[in-house]
Amino acid sequence: MIESFLYSVIISGTPLLFATLGEIITEKSGHLNLGVEGLMLLGAVGGFGIGFATSNPILAIFGGAFVGTLGALVYAFLTVSLRANQVVSGLALTIFGTGISSYVGTIFVGKKMPEVIIDFFKPFEIPLLSKIPFIGNILFNQDLFIYLSYIIAISLGVYLYNTRFGLNLIAVGENPSAADSTGINVTLYKYVHIAIGGALCGLGGAYLSIVEVPQWQDNITAGRGWIAIALVIFASWNPYKALYAAYIFGGLNIIGFRMQNLNFSQNLLDMLPYVVTIMVLVGSSIKKSKNNAPPKGLSIPYFREER
Amino acid sequence: MNQEVFVKMKNISKSFGTVKANNSVNFEVNKGEVHALLGENGAGKSTLMNMLSGFYKPDSGSIFIRGKEVKFSSPKDAINEKIGMIHQHYKLVDVQTAKENIILGQKGSLFVNSKKLSKNIYAVAKEYGLPINPDKKIYDMSIGEKQSVEILKVLYEGNDILIMDEPTAVLTPQETKKLFEIIRNMASKGCAIIIITHKLNEVMEVSDRVTILRKGQTITTVITKETSPELLTNLMVGKSVNLSIKRPEVEKSDEILKVENLFAKNQNGVKVLNDISFSLYGGEILGIAGVANSGQKEICEAIAGLYPIESGNIFYENDDIVGNTPGEIINKGISMSFIPEDRLGMGLVASMDMIDNYLLKEFHNQKSIFLDRNPILKTCNKMIDDLQIVTPGVNHPVKQLSGGNIQKVLIGREINTNPKILITAYAVRGLDIGSCHTIYDLINEQKEKGVAIMFIGEDLDILLQLCDSILVLSEGTVMGIVDARTTDKETIGHLMAGGLNIKEAY
Amino acid sequence: MFQMIKRAEISKKESALIRFSAIVLAFIFSGLFILLLGHNPVNVYISMFDGAFGSLYRLKETIIITIPLVITSIGIMIAFKMKFWNIGGEGQILMGAFGATVFALNMPELPKVALLSLMLISGFISGGLWALIPAIFKVKFGTNETIITLMLNYIAIKWITHLQYGPMRDPNALGFPKIANFSNNAILPSLFGVHIGWIFAVIIVIAISIFMKKSKWGYKISVIGESVDTARYAGININRVMLFSMFLSGGICGIAGMIEASAVNQTLNYSISAGYGFTAIITTWLSGLMPSIIIPVSLLFGGLVKGGNFIQTAFLIPKAAAQILQSMILFFAIGSEFFVKYKLKYKKRNNNSDNVKESV
């Protein structure tokens, strides 16, 4: 019972994990992208569309990431090059993503993913690891897409904390002028990482439409993008911590469904992820410290020759 | 002596919007030389050096480094030519360690070899006599330590052309001495060092040659040994000026403000004010000295009712005002103007016009829920005439005025409310000598009227000339209150550094 | 290569021209998109316009959509002026509608004027209290308001859904999950063929314009929005102003909810806010936070929504096309701000400034 619940928690947490990682890497470059919901929807419709058209699972994944990247580049152009207000640009991106996905999505209403792709993302036991008692089955008897999320989370952690690029990225997000003075190409760093962030959000959406659901629904993300933005704070901008943050909320997402027969209003239980998000946000703003603070340059446009 | 020319800047021009910051400037620095770039605030020194370090692009003109013409389009290009700049406001990433800051932007293997890096940093630090702890986070560092990191950042990459923008602005006199030793040391090892400054004594002390800029143009380059502070001043200002600041003798009147055993902690629970006690009399200017962030801001804010106090009393004409709202305190006649580093952040609203900025203090007096702007219109027009503020009109956003005029608006407003106590912090930040003197005159006028004045300043020379007594802060503690007429810079420097406590000397 | 130059000043005409071209460009760009999907953009636009303004009946329908947009935009504008990013308009509308519904269903026999007044006050207070939640967190703990206001939207939706399926379900609706219809006394009357919500909207616009420009509180709100530090130094009680303004902001959105419940739906359901809370964010921003401009911009967007519904039936083009068009307008408008602030100069590499040519 518990094991099967936790097994589903990983699945339900995966879209959140991708999106949270995406937003972490975006915010680390100093950009608060409130368009996560829109990017996820773009990824969802991109992944589904390409999967549906080609029946190729790999192309479907790339499709989701690619469309997410395109959306993020629009945001990057507005906020990096044109120095637009990040809050409003992000909101615009969400409206855009929602619009596009439901426009294009009308073609797919009621359609299912091709069997080839559903088969490709069947759970798959990793030898040895899946034999670990209890957690082995939960973590290592999942689908390939989920394994991809593990790999990405860990690589992002290593990238951010142990490589030169990561170090430079942190500097760009904290103090772009300082980074600039050491010869770091601030604009390039911002563009690249906003784009990577968009790709990851796209993957989050694509996971929903290709694997988790796997048929087309309008507004398939149902607010997960916004929760991901809150999870970034919960995870204090740390890709490793994003793992458990995402799974906790993955659990909250399905708890209402699981407790259906407990004679308690499902609609009230469905509030849980949102209520807990608020609690988490308030909690993390009460105990602030230098090590889990947002990047100092967050949402401040940078312009070298400003006078 | 046939010396190698490291830097040559020819006919450099640069405009920002309609302002010509540099107009056909010429500038040359040799190997092994300490070259001072002297000029008033706004003369174009920083602009020129920002072009040499690749931060800005010149509109026209050419730059030669070691005889070769270069075109910089980003700091990276300048770094490739071994040019490093230490900005006045340190460009360091607070959450990173010294080590991480030093290798930012540098090429190398994907992963960083931490141990080897520390070893290399120690080696460079030792060579130049710089103290360093590579694993300390910047936010835990003192100003001196931060400066060491900045210098190491530049040296570690093997740069041999160093630009330092006002490096002594935030240092105590003792720290300044140490820095000059390091600078001489670097020069003797073959570096070319450019120091941007407006302090004449430092030019005389450390430089080999001086280039003077005025209003965006090169005036001349002279050999330091063959010149004098008087001559340099005249070149810098363009006319012979009397640099001395008046200190009118005014009979001290009653004690207007009395601060007793004030304690305060910041948000992180760190003590920022530690048992502060002092008195302020009418007709007196009390200077507050101390390295940056020693509690100056907190004292101002505590008196103005803006900073939470742990314990202690603040008596204004025998009333304890602790716990009063800021509005009540303003209405009592305590006026505070704090000029932050970016000038506009506090005290004024950049995008609003003069009237609405005047309202910031005035609206407390208006009883109706609707605001009456008509009387203020007159006051503002009068202020423009009285203080000779250059502006297209009272309805013009203040951000479009020049620095000196913005500060006149700010201080003019404070004075116009006829305060009993005037607190000014960094009132002359970023102003040229002429504007500085206008502000000093305004303050002295108030003193003669019997207003009690607190003057928080950065430049010890000015504090010593303008104030009657000086309160020296170190880490939120009063190290002493000294008579400005009899004390000297060294004494104050010692106190600022937290040296011997001579609280009883006054 | 291009060089950016900060403009010292820009004439009203020039900046209006830039903003107008942005909207035109948005239409052109979206047109390309529509073309890509196999429709003729010119036809689509014409029918959208026709669907929104083509007849007196359609115009009335468009105005009915415009009313909540105007009111919600005004509410959001107050928060935005303070740089308080209230994106919880949806939730505040819903809770306002809920507050009104409580009275509508429990006191259906009250005289019309009394009942409607009670509903209006209750709607205002409910929306205001809902908006006060993020404000309290922000004031007390410095919690970021953006996500909280958004989460509160979802919570409000779930709450109304819960009521609709549970405690407030109408037993007479034959098992259909809906809340009972309002009594006649709880329904707003009409004037000139449109429910009198439009009068409310006009009054709110005028009152809030005066409030923002002339009153002490309006002034304080602007100062806080420009610089919190300055506001603190001027002795403004920032927390109090913030709490008050958010209550006002949410309350006004709540009035929109009351109007929608009373006049349009004549009952309460979870989709009553119909996306107005989000669309109002765009209209507020596009109107440059100026109350008087909010009316024409809202009318444009009301037309887009109505026109979007129309093309869905006429062309079988999903109404999401209107949403895309809205976001395009927003994208271009945000982008155009840059050209209001900066000029681009074309400059050849390695050349002197004499050869600089101006372009825009």
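The values are calculated or read from the model by the stated rules, or taken from the named source; none is laboratory data. All values reported here derive from a predicted model rather than from experimental measurement. Cβ sites come from the backbone with ideal geometry, for glycine too, and all protein chains shown count toward neighbours. The area values use the complete protein model at the heavy-atom level, side chains included, leaving out ligands, DNA and RNA. Shrake-Rupley method; radii C 1.70, N 1.55, O 1.52, S 1.80 Å.
Counted over all Cα-Cα pairs of segment B:347-418, pairs farther apart than 20 Å make up 20 percent. Shown here for segment B:95-170: trypsin sites (Lys or Arg not before Pro) in loop regions (DSSP other than H, G, I, E, B) with at most 11 other Cβ atoms within 10 Å, namely B:107. Subtracting the Cα-Cα distance of residue B:57 and residue B:319 from their residue separation scaled by 0.36 nm leaves 88.6 nm.
In segment A:263-277, which residues become less accessible by 10 Å² or more once every protein chain is in place, relative to the chain on its own, using a 1.4 Å probe? Buried-area filter returns A:265, A:267, A:268, A:270, A:271, A:274, A:275, A:277.
Span-like helix criteria (full DSSP H runs; alpha carbon extent of at least 15 Å along the helix axis; mean Kyte-Doolittle hydropathy of at least 0.0) are satisfied in chain B by B:143-156. The residue B:88 and residue C:20 beta-carbon pair, evaluated with R₀ = 60 Å, returns a calculated FRET efficiency of approximately 0.90.
Computed about its Cα centre, the charge dipole of the protein assembly as shown is approximately 2300 debye, with only Lys, Arg, Asp and Glu carrying charge at their Cβ. Select from A:92, C:39, A:292 the residue farthest towards the positive end of the dipole of the protein assembly as shown; place +1 on Cβ of Lys and Arg, -1 on Cβ of Asp and Glu, and compute about the Cα centre. Sorting the options by dipole projection puts first C:39. Placing dummy labels 7 Å off each Cα toward the beta-carbon, the span from residue B:18 to residue C:106 is 6.4 nm. For chain B, the normalised intensity computed at q = 0.09, 0.10, 0.11, 0.14 Å⁻¹ comes to -0.71, -0.87, -1.04, -1.47 (log10 of I(q)/I(0), Debye sum over alpha carbons, equal scatterers, no solvent).
Three semi-axes describe the equivalent ellipsoid of chain C; taken as square roots of 5 times the Cα gyration tensor eigenvalues and ordered largest first, they are 38, 28, 17 Å. Label 7 Å along Cα→Cβ of residue A:58; segment A:125-143 residues with amide nitrogen under 19 Å? Counting only backbone N, you get A:143. Using R0 = 41 Å, the C-beta based FRET efficiency linking residue A:5 and residue C:141 works out to 0.80. When both bridge partners sit in the protein assembly as shown, DSSP labels roughly 60% of those beta bridges antiparallel. Only one residue of A:220, A:204, A:230 has its Cα farthest out toward the positive end of the dipole of segment A:196-288, where Lys and Arg carry +1 and Asp and Glu -1 on Cβ, and that residue is A:230.
Give, in whole angstrom and from largest to smallest, the semi-axes √(5λ) of the equivalent ellipsoid of segment B:175-293, with λ running over the eigenvalues of the Cα gyration tensor. Provide the component values of the computation, followed by the final result.
Details: eigenvalues 316, 122, 28 Å².
Each semi-axis is √(5λ); the values are 40, 25, 12 Å.
Remark: spin-label model distance residue B:402-residue A:150 equals 6.7 nm, labels positioned 7 Å along the Cα→Cβ axis.
Annotation: for a label point projected 7 angstrom from Cα along Cα→Cβ of residue C:176, residues of segment C:251-269 with backbone N closer than 15 Å are C:265-269.
Using only alpha carbons, segment B:416-506 has a radius of gyration to Kirkwood radius ratio (Rg to Rh) of 0.98. Working note: Debye formula, equal point scatterers on the alpha-carbon atoms of segment B:1-123, no solvent; log10 I(q)/I(0) at q = 0.13, 0.19, 0.23 Å⁻¹ is -0.66, -1.11, -1.36.
Between C:32, C:59, C:94, the Gaussian network model of chain C with springs among Cα atoms under 10 angstrom shows the greatest mean-square fluctuation at C:32.
Extents of segment B:5-237, largest first, come to 51, 38, 31 Å (Cα atoms, principal axes, whole angstrom). Summed over qualifying helices (DSSP H, 4 residues or more, each -39500 (n - 2.57)) and divided by its residue number, chain C shows a 222 nm mean residue ellipticity of -23500 deg cm²/dmol. Of all segments of chain C bounded by GluC sites (Glu not before Pro) found in a DSSP loop with no more than 13 other C-beta atoms within 10 Å, the longest spans C:110-360.
Distance from the C-alpha centroid of segment A:70-101 to that of segment B:293-332: 45 Å, rounded to the whole angstrom.
If you take all C-alpha pairs in the protein assembly as shown, what percent of them are over 48 Å apart? Write out the running numbers ahead of the final one.
On the way: 254243 of 687378 pairs.
For the protein assembly as shown, the share of Cα pairs beyond 48 Å comes to 37 percent.
At a 1.4 Å probe radius, carbon and sulfur cover how many percent of the accessible area of segment A:236-281? C and S atoms contribute 65 percent here.
Provide Rg over Rh for segment A:14-225; use the alpha carbon set for both Rg and the Kirkwood Rh (inverse mean inverse pair distance). Please report the intermediate quantities before stating the final value.
Values: Rg = 17.8 Å, Rh = 17.5 Å.
Using Cα coordinates only, the ratio equals 1.02.
In debye, nearest 20: dipole of chain A around its Cα centre with unit charges on the Cβ of K, R (+) and D, E (-)? Each step should come with its number before you reach the end.
Values: 17 positive and 15 negative charges, 130 e Å.
Here the size comes out at about 620 debye.
For segment B:347-418, with all protein chains in place and a probe radius of 1.4 Å, 51% of the accessible heavy-atom surface sits on carbon or sulfur.
On a per residue basis, chain C carries 42 Å² of accessible surface, using protein heavy atoms and a 1.4 Å probe.
Here the contact order of segment B:376-440, divided by its residue count and restricted to Cα pairs under 8 Å and six or more residues apart, works out to 26 percent. For the pair B and A, the buried accessible area comes to roughly 2600 Å² in total, with a 1.4 Å probe and the value rounded to the nearest 100.
Got the relative contact order for chain B handy, in percent, Cα pairs under 8 Å and 6 or more residues apart?
Working: 996 pairs, mean separation 77.5, N = 506.
Taking the mean separation of contacting Cα pairs over the length of chain B, I get 15 percent.
The value of relative contact order for segment B:113-229, using C-alpha pairs under 8 Å at least six residues apart, is 19 percent.
Tell me: how much accessible area in total is hidden between A and C, 1.4 Å probe, Å², nearest 100? Please report the intermediate quantities before stating the final value.
Details: alone 14490 and 18570 Å², together 29030 Å².
That pair hides around 4000 Å² of surface in total.
Hey, which of these cross-link pairs are over 26 Å Cα-Cα: A:112/A:190; B:57/C:12; A:190/B:76?
As for pairs spanning more than 26 Å Cα to Cα, those are A:112/A:190; B:57/C:12.
The modelled label-to-label distance between residue B:184 and residue B:66, using points 7 Å beyond Cα along the C-beta direction, is 2.8 nm. Ignoring trypsin sites (Lys or Arg not before Pro) that are buried or in helix or strand per DSSP, and keeping those with at most 11 other beta carbon atoms within 10 Å, what is the longest stretch of chain C between them? Longest stretch, sites excluded: C:1-347. Solvent-accessible area assigned to carbon and sulfur over segment B:113-186 amounts to 51 percent, based on a 1.4 Å probe.
Roughly what % antiparallel, to the nearest 5, for the DSSP beta bridges in chain B? Don't jump to the answer; show the numbers that get you there.
Details: 44 of 81 bridges.
For chain B, the DSSP antiparallel bridge percentage is about 55.
Taking Cα centroids, how far is segment A:6-50 from segment B:343-396 in Å? If you average the Cα positions of each part, the centres end up 49 Å apart. GNM remark for chain C: springs join alpha carbons under 10 Å apart, and the peak mean-square fluctuation among C:280, C:261, C:333 falls on C:333.
With a 1.4 Å probe and all protein chains left in place, how much accessible area per residue does segment B:5-237 have, in Å²? Show your work: numbers first, answer last.
Working: 9130 Å² over 233 residues.
Counting only protein heavy atoms, the per-residue value for segment B:5-237 is 39 Å².
Cα centroid separation, segment C:234-293 to segment B:24-68: 54 Å. When the Cα positions of B:403, B:364, B:379 are compared along the charge dipole of segment B:358-404, B:364 comes out farthest toward the positive end, with charges on each C-beta of Lys, Arg, Asp and Glu.
Accessible surface computed residue by residue for segment B:347-418, with neighbouring protein chains in place and a 1.4 Å probe, gives 44 Å² per residue.
Using a simple charge model, +1 on the beta-carbon of Lys and Arg, -1 on the beta-carbon of Asp and Glu, nothing else, what dipole does segment B:98-173 show about its Cα centre, in debye to the nearest 20? Let's see the in-between values first.
Details: 10 positive and 10 negative charges, 94 e Å.
With only Lys, Arg, Asp and Glu charged at Cβ, the dipole is about 460 debye.
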